[in-house]
1. Among 116, 129, what is the fewest-to-most ranking by other Cβ atoms within 10 Å?
2. Could you check the simple spin-label distance between residue 78 and residue 192, using points 7 Å along Cα→Cβ, in nm with one decimal?
3. Output the 0 to 90 degree angle, nearest 10, between the alpha-carbon long axis of helix 281-300 and the longest principal axis computed from the alpha carbons of the chain.
4. May I ask you to list the residues of the stretch 1-25 whose amide nitrogen lies under 15 Å from a point 7 Å from Cα along the Cα→beta-carbon direction of residue 111?
5. Take the Cα atoms of the stretch 17-139, find their three principal axes, and give me the spread along each one in whole Å, biggest first.
6. Test of understanding: in a Gaussian network model of the chain with alpha carbons linked when under 10 Å, which of 73, 166, 258 would top the mean-square fluctuation ranking?
7. How large is Rg over Rh for the stretch 163-304, taking Rg from the Cα atoms and Rh as the Kirkwood inverse mean of 1/r across Cα pairs?
8. Past the 25 angstrom mark, what percentage of all C-alpha to C-alpha distances in the chain do you count?
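No value in this document is a laboratory result; all are computed from the given coordinates. The structure presented is a predicted model; accordingly, all values stated were derived computationally and were not measured. Cβ sites come from the backbone with ideal geometry, for glycine too, and all protein chains shown count toward neighbours.
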Ligand code: CP
Ligand code: NVA
């Protein structure tokens, strides 16, 4: 049976740990100059219907560095833009490629692709989730703090990235404190189910409360892709939610700052925090490459 990676909800702790171990191993071997080519003869398709710098390039670079070939597609260059049904496209693509990485709006759409595809489908961001992001972020937390047994404070919108953090917290048991303005809470059904699974998640209104005692302070844009028209209104709603030096000072003294990027300096984060000593955003961005290698390798070789 092929396995997909559509949400972190269904990943076991053992699968999380296996991905972290493989990604850390691949990173170490690359730094030592060792070339691994487990994707020799394999083809990875990327179907992206939203912009991307990090996720697209790191998945393509990961494929190529592991000896495979990547093919980038978007809706308008294919017959998808002319209404060819998903169930037809998915079955055709699966006859050509070994894995399909999709970035799109609807989580249901990606699930439909997965249900018709004979090859693994990977979620490279939907409106609901960004699972690969949190896998590489947790790898960064492990490197930075020694383990993922840390307190993570999420400051900002209860969005796709926050939802993936919540499923990870529900399986791995770390503390997650989410501060968001009223009206921008994470999805209630996800919160309820994560809590029912024993997750240590709190949702608060005051960023100061969320960051107290935190090891990791994490934020993301206030208006995600597809919400551009709400930018001005959201800037008002999120007043007071900037991660600046004053907020960082309320966390643990050795706390680190993370952001999935791209960032809006002066909105959700100050220039000084982005560029400051506590920021680990460049390691975080780099780890997308290593984690995407682990994901592709383990899904294609069916060892996850
Ligand atoms: N963090 C992230 O997913 O960045 P991109 O939108 O550039 O891929
Ligand atoms: N929440 C952001 C993440 C970008 C990587 C978005 O969906 O646009």
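1. Ranked by crowding around the Cβ, least crowded first: 116, 129.
2. The modelled label-to-label distance comes out at 3.5 nm.
3. It is inclined by approximately 30 degrees.
4. 4-11
5. Here the Cα extents, ordered largest to smallest, are 47, 31, 24 Å.
6. 73
7. In the stretch 163-304, Rg relative to Rh is 0.98.
8. Result: 47 percent of Cα pairs exceed 25 Å.
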